[in-house]
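Please read the structure below before turning to the comments.
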Protein chains: 4
Amino acid sequence: MRRSDASRRAILLAAFELVGEVGYAKLTIEGIAARAGVGKQTIYRWWPSKGAVLFDAFLALSEDPQGDPALPDTGDLEADLKLVLRATVAELSDPRYDAPMRALTAAMLNDPALAAEYEQRLDAPMRALKRARLRSAQEAGQLPSEADLDLAVDLLWSPLMRRWLERAELTPAFADAVVETALAGLRAR
Amino acid sequence: MRRSDASRRAILLAAFELVGEVGYAKLTIEGIAARAGVGKQTIYRWWPSKGAVLFDAFLALSEDPQGDPALPDTGDLEADLKLVLRATVAELSDPRYDAPMRALTAAMLNDPALAAEYEQRLDAPMRALKRARLRSAQEAGQLPSEADLDLAVDLLWSPLMRRWLERAELTPAFADAVVETALAGLRAR
Amino acid sequence: MRRSDASRRAILLAAFELVGEVGYAKLTIEGIAARAGVGKQTIYRWWPSKGAVLFDAFLALSEDPQGDPALPDTGDLEADLKLVLRATVAELSDPRYDAPMRALTAAMLNDPALAAEYEQRLDAPMRALKRARLRSAQEAGQLPSEADLDLAVDLLWSPLMRRWLERAELTPAFADAVVETALAGLRAR
Amino acid sequence: MRRSDASRRAILLAAFELVGEVGYAKLTIEGIAARAGVGKQTIYRWWPSKGAVLFDAFLALSEDPQGDPALPDTGDLEADLKLVLRATVAELSDPRYDAPMRALTAAMLNDPALAAEYEQRLDAPMRALKRARLRSAQEAGQLPSEADLDLAVDLLWSPLMRRWLERAELTPAFADAVVETALAGLRAR
DNA sequence: GCTTAATCGAGACGGTACGTCGTGTCTTTTC
DNA sequence: GAAAAGACACGACGTACCGTCTCGATTAAGC
């Protein structure tokens, strides 16, 4: 018999809900199986670890509402970036995503294989979109053509990530300040 | 009898060694007790969780070789920052510190109390030193007086952290580029 | 399509071999199916339990070499019985039959339905043969006509069974002694 | 800490009760632990198998009501034996003992180590008592001095066992007949 | 000889129990 | 009189089988 899609969905949903309710440390395979109405073996058959289940749950969520994945490009780089980073701040502050995201981060920290898959399937595509927007700005003359776009992405987004990770204050105003300062630095060279 | 310092040291050492050998996920209180030649109760008596033990093990390490904690201040901000960030890159790449640091990060991710203690006892003092160096640069006219120093610290250090966290490439050259671009941005405004 | 005889044979053979290798407790339907190169459903379709498979494997073995089933009747009851009981001792001591027989006994102990089928299809016919030989002795005047033949059968065979069951010493000499003493008792009344 | 006697008793009682309720095949360590209010590990720590638990439960029962263990000796061997065998028939027919006894028998069938312990700690002492009664009869001239007492014990008791094992009819009258015929045989030689 | 329905192998499924490991608490024994 | 040693109730682990259930792919019977 081939893989049951109903079970797959139920497992991913259960994992996502449970991690929000009890946190990653108290998330158990048994709990996921019970909530999903599924045998434990069905989980072990298809995923190597609870981190992997969580990752797939994330992936499913990211792929579901398939809007246009590209970043906005109105021609005004600074305005567009502020918009995007403010949205990022909002998402990181949303309690519905905070717990699962912390869980996934913790899972990746201690599982290089999972981290590699994350990098490949979620992080890299997102970074490509970001670089694409910056390249478009270069072509429009809003950014020097010799600017290092990978460095630019890190300068713009990692401060947000740092504050989220350590539960520090994370406001839209901070996002604006990051965009202004980072862009100034990139243009100055 | 009051707290046995020999046991305390043995426990912290065992925790530090074990986390390097088996990783945080497989680190157990029983394992630490066995390796330290100590009863489990002795650990439970003095620490609330294995994350707390790990944190203390870290603290002990940080405090042991008590050199001058201040960041170098030769008068040349850019050179000083490159020196410090290159040292940070080297430390993050050292396998002796990589595993324990990842473990501690994972512990904090799922334990806000631990994260708060970390922020208070390790992170805040370090950020204070960084801000002090930047303030000194302001006084020397190397940085505008209205620059946001908290933002500056994040712009400078969080890109390194991001790359370490996701096991991306982390080189001294990247550290230099971050310093140059971030400083340019801070000066331009 | 009707029942595949090749599969049936393969299943019975696999069950018989496996029970000799791993014992009844570790005998599994999955193991039998795998060894026989057969789907599990093919076993469940035709047998209600692993005890029943084992029983059929036994039946197949008992029926294969269809010699004359009757007990020897030379006219000398004591000599004939000694011959038969010595043969029983030899069979019970043969390691090829010991393991499967213990398995079947264990299966029957906890499955009255199986026990009833055993009694009907294997035990009763055998007891009938034994009674027939004793009746022949009665007719020849070697045994009193009022002797209880069912009691006689138990007196003669159950001591062997007892010693086999508890893995006690079981020798041809013991068989002889049983025959002599039991016959003496039966004749004395 | 040393072994908890309360847990030990609770486990043996639970095992005994459960085997009577669900039978040996459906008796589980988890079930025993749950019924006894005990962790599974406490069972695994002290017993190697569920058969061993059952055996100890039996042993505890046998040793509890420590009446005079000797068989009755009124001077009349035949009467005494009939008394004892009728009592055995009654016990074998008592549903309270039937299930546990079948369970123990099944356990021993597939576990030689358990069978050896049974032989040593329960069967051998009982056989010694039986032989003692028969030896007393020899001294009283009711049995020939050259009679094989081990054979005698098997002739007397194993027919009962056989009928119990195969769920055949087992009556006091059968016990009497066995005693009469077996004794006649033993005396005749 | 062609269809067609039962049977086959394979193996996924929801479950139960396995035997092990670790948790945090508690008690005993030793130094 | 605190520390080691480790038993305890508990809960989760990851595995093995249970008995049921779909899957195509034969395969022999009856049209």
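The values are calculated or read from the model by the stated rules, or taken from the named source; none is laboratory data. Just so it is clear, the model here is predicted, and its values are computed rather than measured. Glycine gets a Cβ as well: all are built from the backbone with ideal geometry, and neighbour counts include every protein chain shown. Accessible surface areas use protein heavy atoms only, side chains included; no ligands, DNA or RNA. Shrake-Rupley method; radii C 1.70, N 1.55, O 1.52, S 1.80 Å.
Some observations on this one:
- Summed over region A:175-189, residues that are open to solvent by 20 Å² or more (accessible area, probe 1.4 Å), touching a residue at least 60 places away in the same chain (Cβ under 8 Å) and within 9 Å of chain B (Cβ to nearest Cβ) total 1.
- Check on D:LEU165, touching a Ser or Thr at 6+ places or on another chain (Cβ under 7 Å) and within 30 Å of C:PRO100 (Cα to Cα): no
- Filter result for B:PRO72 (within 18 Å of A:ALA25 (Cα to Cα), more than 15 Å from the chain's Cα centre (by Cα) and not acidic (Asp, Glu)): no
- Answer from D:ALA115, D:ALA137 - the residue that is of a type outside the set (D, E, K, R) and in contact (Cβ under 8 Å) with a residue 12 or more places away in the chain: D:ALA137
- Filter pass, A:LEU104 being of a type in the set (A, V, I, L, M, F, W, C) and more than 30 Å from B:ALA115 (Cα to Cα): no
- Only one of the numbered conditions (1) open to solvent by less than 60 Å² (accessible area, probe 1.4 Å); (2) not in a helix (DSSP H, G or I) is violated by D:PRO69, and that is (1).
- Any hit, region C:48-67, residues being farther than 29 Å from C:ASP154 by Cα, within 15 Å of DNA strand F (Cβ to nearest atom) and of a type outside the set (D, E, K, R): yes
- Candidates B:VAL84, B:VAL89, filtered to the one that is among the β-branched types (Val, Ile, Thr), assigned by TED's automatic domain parsing to the domain that holds B:THR171 and more than 27 Å from B:TYR24 (Cβ to Cβ): B:VAL84
- Helices (runs of 4 or more DSSP H) wholly inside region D:73-167 that include at least 3 residues being at pLDDT 95 or above, more than 13 Å from chain C (Cβ to nearest Cβ) and surrounded by 14 or more Cβ atoms within 10 Å (Cβ to Cβ): D:77-93, D:124-139
- Of all residues in region C:18-57, those being modelled with pLDDT under 95, charged (D, E, K, R) and buried (at least 16 other Cβ atoms within 10 Å of the Cβ) number 2.
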